[in-house]
Amino acid sequence: MNAATQRQAITGPAGALECAVDLPVSSALGTAVLCHPHPQHGGTLDNKVVQTMARAMVALGWRAVRFNFRGVGHSAGSWDEGQGEIDDAMAVVAAFRVPGTRLVLGGFSFGGYIASHVASRLSAAGEGHAAERVMLIGPAVQTFAMAPVPADTLVIQGEVDDVVSMPAVLAWARTQSLPVTVVPGAGHFFHGQLPVLRQIISAALR
């Protein structure tokens, strides 16, 4: 993301997981673990939407951790139909979060599906484990079975998303009474709208 980004590997369930860590200028409020889009469709930790999430969180004072799922970049292993990838994300949370400290989970597209399941697992683990906030951008509600998410989850959707349709996201959100923030004219990758996306995240999580 920038010259100060720290690249490191942690031990994951299928081998090493490549991570990128960005730190705020002062002591971090907590850790934000951010999940990239579909590994089989070019998704990596360097995805522009994921980087935008990271920049927003760092500016708000959080340590932002991006990582490559198994089989992507320098991460070991191979695609596991979205199941092992949840375990990958859990391993990243365990490696970077000090127990009992603040945690934000974020995910874009396929990464939104992963983030929803990580949030659910952490919530089920009991007090002190749950994420403080969850943010889902263009979550892949049409192709993956999302887990229920907290009532204060930030859901952002592009109006003209041609990968994850807005009606599908609204239908999914409706079952949980979740508000959805719609970015007019934005497609799935928010081309030309990344500054707007960053502003929405910053305002919601400030």
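The values are calculated or read from the model by the stated rules, or taken from the named source; none is laboratory data. Fair warning: this is a prediction, and the values are worked out from it, not measured in the lab. Note that each Cβ is placed from the backbone with ideal geometry, even for glycine, and that neighbours are counted across all protein chains shown. Heads up: the accessible areas ignore ligands, DNA and RNA and are worked out on the full protein's heavy atoms, side chains in. Shrake-Rupley method; radii C 1.70, N 1.55, O 1.52, S 1.80 Å.
In percent, how large is the relative contact order of the chain, given Cα pairs closer than 8 Å and 6 or more residues apart?
Numbers: 448 pairs, mean separation 37.3, N = 206.
The value is 18 percent.
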Item to check | Computed lengthening from Thr101 to Ser177, 0.36 nm per intervening residue step minus Cα-Cα distance | outcome: 24.5 nm
Checklist entry - On the accessible surface of the range 65-206, probed at 1.4 Å, how many percent belong to carbon and sulfur atoms? => result 55 percent
Next on the checklist: Under the 0.36 nm per residue contour assumption, what length would be gained going from the current alpha-carbon distance of Trp79 and His129 to full extension?
Outcome noted: 15.3 nm
Next on the checklist: How would the range 151-206 be classified by its alpha-carbon gyration tensor: rounded, prolate or oblate, with rounded meaning a/c under 1.5 and the a/b versus b/c comparison settling the rest?
Outcome noted: oblate
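Which value, in debye to the nearest 20, gives the size of the charge dipole of the range 90-206 about its Cα centre, when Lys and Arg are +1 and Asp and Glu are -1 at the Cβ? Provide the component values of the computation, followed by the final result.
Details: 7 positive and 6 negative charges, 59 e Å.
With Lys and Arg at +1 and Asp and Glu at -1, about 280 debye.
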Item to check | Calculated from backbone phi, Karplus (6.51, -1.76, 1.60) coupling profile of the range 31-47 in Hz, x at Gly/Pro | outcome: 10, 10, 9, 10, 10, 7, x, 3, x, 8, 10, x, x, 9, 5, 8, 3
Next on the checklist: Which of the three applies to the range 13-61, rounded, prolate or oblate, going by the alpha-carbon gyration tensor with a ≥ b ≥ c and a/c under 1.5 meaning rounded?
Outcome noted: oblate
Next on the checklist: Compute the distance from the alpha-carbon center of the range 100-144 to that of the range 4-44, in whole Å.
Outcome noted: 15 Å
